[in-house]
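Inspection log for the structure reproduced underneath, given as structure tokens.
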Amino acid sequence: MKTMWAPWRIEYILGEKEEGCVFCLAKDVNTELTLFVGDQTMVVMNKFPYSNAHLLVCPIRHISRLDQLSMQEMGILTKTVEQSIEILKKVMNPDGFNVGLNLGKVAGAGVEEHLHFHIVPRWFGDVNALTVFADVRVIPEHILATHANLKPHFDKLDPKTWE
């Protein structure tokens, strides 16, 4: 069995939590890490990323389960994930992606009360010995610089053209 160590996540696990749902609080498009807010979905940057440009895509509605989504919401949510990946390809040029949901605390959901997809861009060699031996991760660009690079592309998203 191989183990993936993510010791930097302890800051999130043990740190003080904000009052209220982080996604509902991020609905303000001027919030520091918010990239996109549509009528039904939103995209925010992960404050405690596994890699550069780790995005979170969620429905606007405060729900925790897939079966609470209408078919229309599911389609728009999936399309928002797809559009986010296309923007990341264009701006960040990753070699691949990890995309998924963590449903429930036992499955790793840090915010289990608000359904959200993780999009984690991956590059060849993005995990190195520093992460394993020195308890250090290397994210080559400041999170706000990444936000500034991505935001103009998310500002151009128009869900009305997705149907």
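Relative to the Cα centre, the charge distribution of the range 79-124, modelled as +1 at Lys and Arg Cβ and -1 at Asp and Glu Cβ, gives a dipole magnitude of about 120 debye. First check a/c for the range 63-115, with a ≥ b ≥ c the square roots of the eigenvalues of its C-alpha gyration tensor; if it is under 1.5, answer rounded, and if not, answer prolate when a/b is larger than b/c or oblate otherwise. Taking the square roots of the gyration eigenvalues as a ≥ b ≥ c, the range 63-115 is oblate. Across the accessible surface of the range 20-119, with the other protein chains kept in place and a 1.4 Å probe, carbon and sulfur atoms take up 53 percent. For the peptides 32-38, 99-105, residues were scored by their other Cβ atoms within 10 Å and the scores averaged per peptide; the highest-first order is 32-38, 99-105.
Using the Cβ-Cβ distance between residue 141 and residue 111 with R0 set to 35 Å, the FRET efficiency works out to roughly 0.90.
The values are calculated or read from the model by the stated rules, or taken from the named source; none is laboratory data. Computed from a predicted structure; not experimentally measured. Glycine also receives a Cβ, built like all others from the backbone with ideal geometry; neighbour counts cover every protein chain displayed. Calculation scope for accessible area: heavy atoms of the full protein, side chains included, ligands and nucleic acids excluded. Shrake-Rupley method; radii C 1.70, N 1.55, O 1.52, S 1.80 Å.
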